[in-house]
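No value in this document is a laboratory result; all are computed from the given coordinates. These figures come from a predicted structure and were not determined experimentally. Virtual Cβ from ideal backbone geometry, glycine too; neighbours counted across all protein chains shown.
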Amino acid sequence: MARPPARHHTGVSGTTILHVDLDAFFAAVEQRDRPELRGRPVIVGGAPGSRGVVSAASYEARRFGVRSAMPLRTAAALCPDGVFVPVNGRKYRHASGLVMDILRRFTPRIEQISIDEAFLDVAGSEALFGPPPTIAVAIKEAVRAEVGLTVSVGVASTKLVAKVASDLRKPDGLVVVPAGQEAAFLAPLPISRLWGVGPQTQAVLAELGADTIGELAAMPVDALVRRLGQHGAELHDRALGIDPSPVSGDVAAKSVSHEHTFSTDTTDQEKIEATILALAEGVAERLRHGGVRASTVTVKVRDSTFRTVTRQRRLAIPTDLAEPIYRTALELARPEIRGRRIRLVGVAGSGLEEPAQLALFAEEDPRRRRVAEAADSIRSRFGRRSVTRARLLRSHLAAPEERDPMQPLERRRLGAAPAGSASPGPAPRDARPGGAGGEPGRADEASQGAGMDEADDARGPDDRLERDEELEGDEGLETDD
Ligand code: DCP
Ligand code: MG
């Protein structure tokens, strides 16, 4: 599979993949919660005489040879003074959730691969949080301070190398493998450290004369393919640190949502719809920053009686642009808004996909993308309000269905205006009715309407859009009263 587009890999170092793994996870949670167990050999799994196996062993217990998956009886024989503790899954899931929430602060590009480990791609996070090793340190500190646990982190250019690196200096380790050093880093390590090398493959490789990863890398690919087929060629790549798999996965289970509570409940349809536009723009902006597109749009509408409804729809083409999100949200919200005093509206994009998965879909109009990207850069230079306000203003100039600057609908409204009259540049305003010399009466109305809600504005543009960070699935928009 191809790596994601270059914009996710613009890190100066090129080593933007982190593998984060909690140390002796279940045992560490028990030691955290029971200080008398700290420094002692803790074995999580059940009573020493019982029939089960060891789930986790503290590093103190490992000195006696105790390991995960070992029968508890064996563990008891190896470590008679061990403290045997039953498994408390609920507690570990809770701790795991807290850690994953911390990781998500640093990037939306996170792939959790088990209860205690995840890959992150922090390309694109560097402007905010610093280079990847700095992010790794920040993660370690946050997990220690907020969850009371230690993690080991590997930083590298590929998932494969990052995972090997995180394991190398456990517990509480941090290993950074600079770009270009992957093969040299792996070379002295035993072959068993590589993904996909079980005892059988290991035996075959030993027979061929390779015990270390470096020895495997030095072997002719042909010889490996003769013995192991295509798998042999893959292993040879891995031995060199080559791993094209991108960080992906549970990004699809997340959503990006914004919601807004009006300072006073309102029946003003225009104000509500303008708010939905602002929310859609916020969602689209965050999707673009995260390098993902949403395949489902959800709206939430809460009225003055706290009745809350959510409606969602799958898009024909996943998007990270405000227009399709807005149009869909509006269609979904309208029947829920009419005749009600509205307290809150929310817009979410979910079913997040990476552009790499989307190659089969037709691209949207590249002009729209340029407009959106120009808007992003203006926002980052002059603040959110500059663009949102201008667009809100325009949004009052035509009926909502006709706000799409690329739609021929506009021409129909304008009558004689030829197709070429639409401005090619990032100024969709010119393509709209009510633009230069359009409908002056409506423009007045627009400048009033653009005030949205003055009381809200007083709180500043960023307060106005209350931000939910990535929510699990669509939970964030479930009816919650
Ligand atoms: N686990 C389990 N049974 C296994 C392996 C693991 O129940 N056979 C559980 C207990 C571990 C947790 O999963 O605490 C995470 O597994 P790891 O392999 O990451 O092991 P630890 O976190 O315990 O130790 P390490 O410090 O080596 O990561
Ligand atoms: Mg672990």
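For G52, the residues whose modelled amide H falls within less than 5 Å of its own, excluding neighbours fewer than 5 places apart on the same chain, are L72.
For segment 148-163, backbone phi angles converted through the Karplus equation (6.51, -1.76, 1.60; θ = phi - 60°) give residue-by-residue couplings of x, 10, 10, 10, 10, 10, x, 10, 7, 8, 9, 4, 4, 6, 4, 5 Hz, Gly and Pro being listed as x. Between A203 and V309, the FRET efficiency estimated from the beta carbon spacing at R0 = 56 angstrom works out to 0.35. Across segment 203-212, coupling constants 3J(HN,Hα) worked out from phi with the 6.51/-1.76/1.60 Karplus curve, θ = phi - 60°, read 5, 4, 5, 4, 4, 7, x, 10, 9, 9 Hz, and Gly and Pro carry x. Each 5 Å bin from zero holds the following percent of Cα-Cα pairs in segment 152-215: 4, 19, 25, 23, 15, 10, 3, 0. Shape summary of segment 187-240, radius of gyration then Dmax from alpha carbon positions: 9.3, 25 Å. The H on the amide N of V85, modeled in the peptide plane, is under 5 Å from the matching H of I43, V44, G45, G46, each at least 5 residues off or on a different chain. The residues packed around V42, meaning those with a beta-carbon under 10 Å from its beta-carbon, carry a net charge of +1 if Lys and Arg are +1 and Asp and Glu are -1.
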